[in-house]
């Protein structure tokens with residue numbers, strides 16, 4: 001995959017999946033798999049330490065590296081979460097979409113669906129599956 005497209009899609013792993021009140025602080029193993037028309041990317045995994053403050057202020061799933069991603073219409077009901085996202089990329093390029101899923105004390109599962117505006121390298125729509133599992137205390 002081309003570097004710019006890969007970088008743009010990695011932004012998705014940095015978007016909030018909505019910190020449910022029951023989510024516990026600790027070290028999480030997070031996996032992300034991007035699916036675009038005609039192709040399925042390999043699963044990417046990384047670890048992230050989430051603190052009580054990260055959870056309390058909603059930054060539990062947000063990377064501060066991309067300040068150009070806006071989250072709106074965040075909704076939590078029981079263990080169900082959803083939100084809209086809109087991220088500025090290079091130049092006038094952006095990606096926008098909707099995410100929804102479930103959270104629990106030891107992780108979350110979220111499906112993000114969106115589009116590149118205008119299409120990036122011929123690709124317009126994408127979806128990404130995010131899953132997180134708590135491994136234990138942060139080290």
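The values are calculated or read from the model by the stated rules, or taken from the named source; none is laboratory data. Please read these numbers as outputs of a predicted model, since none were measured by experiment. Positions of Cβ are generated from backbone atoms using ideal geometry, with glycine treated the same way; all protein chains shown enter the neighbour counts.
When residue 33 is tested against (1) surrounded by 13 or more Cβ atoms within 10 Å (Cβ to Cβ); (2) part of a strand (DSSP E or B); (3) within 15 Å of the chain's Cα centre (by Cα); (4) modelled with pLDDT under 85, exactly one condition is not met: (4). Any chance the range 97-105 includes a residue that's surrounded by 14 or more Cβ atoms within 10 Å (Cβ to Cβ) and touching a helix residue (DSSP H, G or I) at 6+ places or on another chain (Cβ under 6 Å)? Within the range 97-105, not a single residue is surrounded by 14 or more Cβ atoms within 10 Å (Cβ to Cβ) and touching a helix residue (DSSP H, G or I) at 6+ places or on another chain (Cβ under 6 Å). Selection of the range 110-133 for residues being surrounded by fewer than 18 Cβ atoms within 10 Å (Cβ to Cβ) and in contact with a strand residue (DSSP E or B) (Cβ under 7 Å, 6 or more places away or on another chain) yields 111, 113, 115, 117, 124, 125, 127, 129, 133. With the condition kept exactly as written, say whether any residue in the range 81-93 is in contact with a strand residue (DSSP E or B) (Cβ under 7 Å, 6 or more places away or on another chain), at pLDDT 90 or above, surrounded by 13 or more Cβ atoms within 10 Å (Cβ to Cβ) and assigned to a strand (DSSP E or B). No, the range 81-93 contains no residue that is in contact with a strand residue (DSSP E or B) (Cβ under 7 Å, 6 or more places away or on another chain), at pLDDT 90 or above, surrounded by 13 or more Cβ atoms within 10 Å (Cβ to Cβ) and assigned to a strand (DSSP E or B).
Residues in the range 101-132 that are within 28 Å of residue 49 (Cβ to Cβ) and not in a strand (DSSP E or B): 105, 106.
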